[in-house]
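Asker: Submitted below is the structure of interest, expressed as structure tokens.
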Amino acid sequence: MIPTRSEAFEILKKYTKNEALLRHALAVEGCMRHFAALYGEDAELWGVCGLLHDIDYELYPSEHCKKAPELLRAENVDETIIRAVVSHGYAIAVDVEPLSSMEKTLYAIDELTGLITACAIMRPSKSVSDLELKSVKKKYKVLNFAAGVDRAVIERGAEMLCKDIDFLIGECILGMRACAEAIGL
């Protein structure tokens, strides 16, 4: 089954209680919906993927992307979503390579939403509404800023999508602006 957005959010909340992780899922959802619209794809499907991408992270951090199939199959979630969720951990936790446009986009933007969140929090406004590409690019180059964000993953994702980093950052900012209230930015 491909869950509705509401059903997916309930599934997410069943396995994720941490507010920061919930906000991250919402940020990734917003970006996935934005990119789906750009590519003429199914924004509902892409959004659900974004919501559920870290379904196993809070309960099973050392088995991230490995426990997700079990949890999602228990909820009767479609295999298309399961594969996308697993593949976002490619070359980090699993060897399932992102193949579809949806999978590659999820892989590329997951880490990037964390960097953009960190940049927004540092602004006087604490918002993505006035965050600009040049500000994020400047912080992107400072490796000890948001040190947990793996820039190599973002760069591999950009290569997979045949897009440059500026494009990804700019579009992620727009995607996060669309869900700014939900993510507290």
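The values are calculated or read from the model by the stated rules, or taken from the named source; none is laboratory data. What you see is a predicted model, and the numbers here were worked out from it, not measured in a lab. Don't worry about glycine lacking a Cβ; one is built from the backbone with ideal geometry, like all the others, and counts go over all protein chains shown.
Asker: Counting only residues that are surrounded by fewer than 24 Cβ atoms within 10 Å (Cβ to Cβ), over 13 Å from A68 (Cβ atoms) and without any contact (Cβ under 8 Å) to a residue 60 or more places away in the chain, how many does region 91-110 have?
Answerer: 5
Asker: Has region 52-61 got at least one residue that is closer than 14 Å to C179 by Cα, buried (at least 22 other Cβ atoms within 10 Å of the Cβ) and touching a Phe, Trp or Tyr at 6+ places or on another chain (Cβ under 9 Å)?
Answerer: Restricting attention to region 52-61, the residues satisfying the condition of being closer than 14 Å to C179 by Cα are none.
Within region 52-61, none of the residues are closer than 14 Å to C179 by Cα, buried (at least 22 other Cβ atoms within 10 Å of the Cβ) and touching a Phe, Trp or Tyr at 6+ places or on another chain (Cβ under 9 Å).
One line per residue, one yes/no per condition, for (1) of a type outside the set (A, V, I, L, M, F, W, C); (2) modelled with pLDDT of 95 or more; (3) within 14 Å of the chain's Cα centre (by Cα):
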position	(1), (2), (3)
Y60	yes, yes, no
K66	yes, yes, no
I81	no, yes, yes
I92	no, no, no
Y107	yes, yes, yes
L131	no, yes, no
A146	no, yes, no
V153	no, yes, yes
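Asker: Residues of region 76-99 being of a type in the set (A, V, I, L, M, F, W, C) and more than 22 Å from E7 (Cβ to Cβ), which ones? Spell out how you get there, then give the answer.
Answerer: Restricting attention to region 76-99, the residues satisfying the condition of being of a type in the set (A, V, I, L, M, F, W, C) are 77, 81-82, 84-86, 91-94, 96, 99.
A91, I92, A93, V94, V96, L99 - these are the residues of region 76-99 that are of a type in the set (A, V, I, L, M, F, W, C) and more than 22 Å from E7 (Cβ to Cβ).
Asker: Sticking with this structure for a sec: For region 1-11, state whether one or more residues are under 15 Å from the mean Cα position of the chain (by Cα), surrounded by 14 or more Cβ atoms within 10 Å (Cβ to Cβ) and within 18 Å of E111 (Cβ to Cβ).
Answerer: no
Asker: Condition first: surrounded by fewer than 17 Cβ atoms within 10 Å (Cβ to Cβ) and touching a residue at least 24 places away in the same chain (Cβ under 8 Å). Can you find one or more residues in region 81-90 that meet it? Steps first, answer last, please.
Answerer: First, pick out the residues of region 81-90 that are surrounded by fewer than 17 Cβ atoms within 10 Å (Cβ to Cβ): none.
No.
Asker: Now for a different question. Can you give me the number of residues within region 158-184 that are more than 21 Å from L22 (Cβ to Cβ) and either out of contact with any Ser or Thr (no Cβ under 8 Å at 6 or more places or on another chain) or of a type in the set (K, R) (or both)?
Answerer: Restricting attention to region 158-184, the residues satisfying the condition of being more than 21 Å from L22 (Cβ to Cβ) are 158-171, 174.
Now restrict to residues that are either out of contact with any Ser or Thr (no Cβ under 8 Å at 6 or more places or on another chain) or of a type in the set (K, R) (or both): 158-160, 162-171, 174.
The qualifying residues number 14.
Asker: Shifting gears a bit: Surrounded by 14 or more Cβ atoms within 10 Å (Cβ to Cβ), of a type in the set (K, R), within 15 Å of C31 (Cα to Cα) and touching a Leu at 6+ places or on another chain (Cβ under 8 Å), is that true of K67?
Answerer: Spelling it out, it is not the case that K67 is surrounded by 14 or more Cβ atoms within 10 Å (Cβ to Cβ), of a type in the set (K, R), within 15 Å of C31 (Cα to Cα) and touching a Leu at 6+ places or on another chain (Cβ under 8 Å).
Asker: Residues to consider are E41, E29; find the one that is crowded, with 24+ Cβ neighbours inside 10 Å and among the charged types (D, E, K, R).
Answerer: Details: E41 fails: crowded, with 24+ Cβ neighbours inside 10 Å.
Of E41, E29, the one residue that is crowded, with 24+ Cβ neighbours inside 10 Å and among the charged types (D, E, K, R) is E29.
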